[in-house]
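Report on one structure; see the data block that follows.
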Amino acid sequence: MSGSQDILLEITPQVLLKAYACGIFPMAESATDPGLFWVEPEQRGVLPLEGFHVPQSLQKFMRKRPFEITVDRDFSAVIDACAASTDDRPKTWINGRIRRLYTELHHIGHCHSVECWRDGELVGGLYGVRLGGAFFGESMFSRATNASKVALVHLVDRLRAGGFVLLDTQFTTEHLKRFGAIDVPKRRYAGLLEDAVMRDADFYAIDRI
C-alpha cells in the first residue's frame with residue numbers, strides 16, 4: 001500500500017469524499033496517534049454484490065432472527081465500538097480524528113451504520129461511506145456470535161435493493177473471503193470506481209419494498 005503522512009492538512013468531509021472518488025482513504029497508525037495518512041492499496045478488496053455468498057451455517061442461524069437490525073439508529077455507538085480495543089483486536093486504527101470526520105460525513109448523509117440489537121443492547125454492526133453507487137466498508141464489530149456477519153448480510157441486501165454496484169472492503173481477510181471477497185488490481189479498481197460513483201443509488205430503497 002502507498003500513503004503519505006498528513007499532520008497539518010485540514011481534512012474536511014468534502015475533501016474526504018473527493019479522496020474516496022479518487023480511490024484513496026485515510027487511516028491512523030493507532031487509536032492514540034493523532035496523525036492520519038492516505039492509503040491507496042495496489043490490490044483493493046472488493047465484495048462483488050452479485051457473487052456474495054452466505055455460508056449455510058449462517059443462513060441457518062439467521063432463520064432464527066437472532067437480532068433486531070436497524071440502520072443509522074446509533075452511528076456514534078457503532079464507530080466507538082469499532083474503535084474499542086478487544087482481546088481479539090487489541091489495536092485499532094480509528095483515532096479521535098477519524099471518529100470526528102466520519103461522524104460529520106454521517107450528519108451530511110454520506111456515512112451509514114448497520115446495527116444488530118439483542119434485548120435492547122447493541123451487540124454488533126458496521127459502518128461505511130456512501131458515494132453514488134459505491135459503498136466503502138470501513139469497520140465492523142461483534143459482541144455476540146455472528147453479529148457482524150448478520151450486519152454484513154443486511155448491508156448487501158440493502159445495497160442490492162438500492163442499485164449499488166460496488167462494495168469496497170479496502171482489503172480482503174479470510175473472514176471476508178468466506179463471503180466472496182476478492183482482490184482487484186488498482187487499475188481495474190479505478191475503472192469500477194469511476195463507473196460506480198457516477199451512478200444514482202438509494203440506500204433506503206429496501207425500506208420502501
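The values are calculated or read from the model by the stated rules, or taken from the named source; none is laboratory data. In this text, all values refer to a predicted model and were calculated from it rather than measured experimentally. Backbone-built Cβ (ideal geometry, glycine too); neighbour counts: all protein chains shown. Quick note on the areas: whole protein, heavy atoms, side chains included, nothing else; ligands and nucleic acids left out. Shrake-Rupley method; radii C 1.70, N 1.55, O 1.52, S 1.80 Å.
Can you say whether His154 is touching a Pro at 6+ places or on another chain (Cβ under 8 Å) and either over 19 Å from Ala83 (Cα atoms) or free of Cβ contacts under 8 Å to residues at least 40 places away in the same chain (or both), as far as the supplied structure shows?
Answer is no for this residue.
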- With respect to Val78, is the statement that it is within 23 Å of Ala134 (Cβ to Cβ), among the hydrophobic types (A, V, I, L, M, F, W, C) and part of a strand (DSSP E or B) true? no
- Message: Any residue in the range 56-75 that is closer than 11 Å to Asn146 by Cβ sitting within a Cβ distance under 6 Å of a residue that is open to solvent by less than 40 Å² (accessible area, probe 1.4 Å) and among the polar types (S, T, N, Q)? List the pairs, counting only those 6 or more apart or interchain.
- Response: Phe61/Asn146
- Counting only helices (runs of 4 or more DSSP H) wholly inside the range 103-209, the ones holding at least 1 residues that are in contact with a His (Cβ under 9 Å, 6 or more places away or on another chain) are 147-161
- Filter pass, Leu9 being farther than 30 Å from Asp157 by Cβ, at pLDDT below 95 and surrounded by fewer than 17 Cβ atoms within 10 Å (Cβ to Cβ): yes
- Confirm whether Ala190 is under 13 Å from Leu159 (Cβ atoms) and either open to solvent by 100 Å² or more (accessible area, probe 1.4 Å) or touching a residue at least 24 places away in the same chain (Cβ under 8 Å) (or both). no
- Residue that is farthest from Val184 (Cα to Cα), among those in the range 50-85 that are surrounded by 18 or more Cβ atoms within 10 Å (Cβ to Cβ) and in contact with a Lys or Arg (Cβ under 6 Å, 6 or more places away or on another chain): Phe67
- Scan the range 117-170 for residues that are of a type in the set (Asp, Glu) and either modelled with pLDDT under 95 or open to solvent by less than 10 Å² (accessible area, probe 1.4 Å) (or both) and report the count. 1
- Message: Restricting to the range 13-37, and then to whatever is closer than 21 Å to Ile108 by Cβ, without any contact (Cβ under 8 Å) to a residue 40 or more places away in the chain and more than 16 Å from the chain's Cα centre (by Cα), can you tell me which residue is most open to solvent (accessible area, probe 1.4 Å)?
- Response: Lys18
- Residue among Arg65, Arg73, Arg99, Arg89 that alone is of a type in the set (D, E, K, R), closer than 23 Å to Gln170 by Cα and not in a helix (DSSP H, G or I): Arg89
- When you go through (1) under 21 Å from Ser76 (Cα atoms); (2) modelled with pLDDT under 95; (3) among the acidic types (Asp, Glu) one by one for Glu174, which number turns out not to apply? (1)
- Residue by residue through the range 47-72, note down the ones that are of a type in the set (A, V, I, L, M) and touching a helix residue (DSSP H, G or I) at 6+ places or on another chain (Cβ under 7 Å). Leu47, Leu49, Val54, Leu58, Met62, Ile69
- Message: Taking the criterion of being more than 22 Å from Phe25 (Cα to Cα) and not small (Gly, Ala, Ser), would at least one residue in the range 127-138 satisfy it?
- Response: no
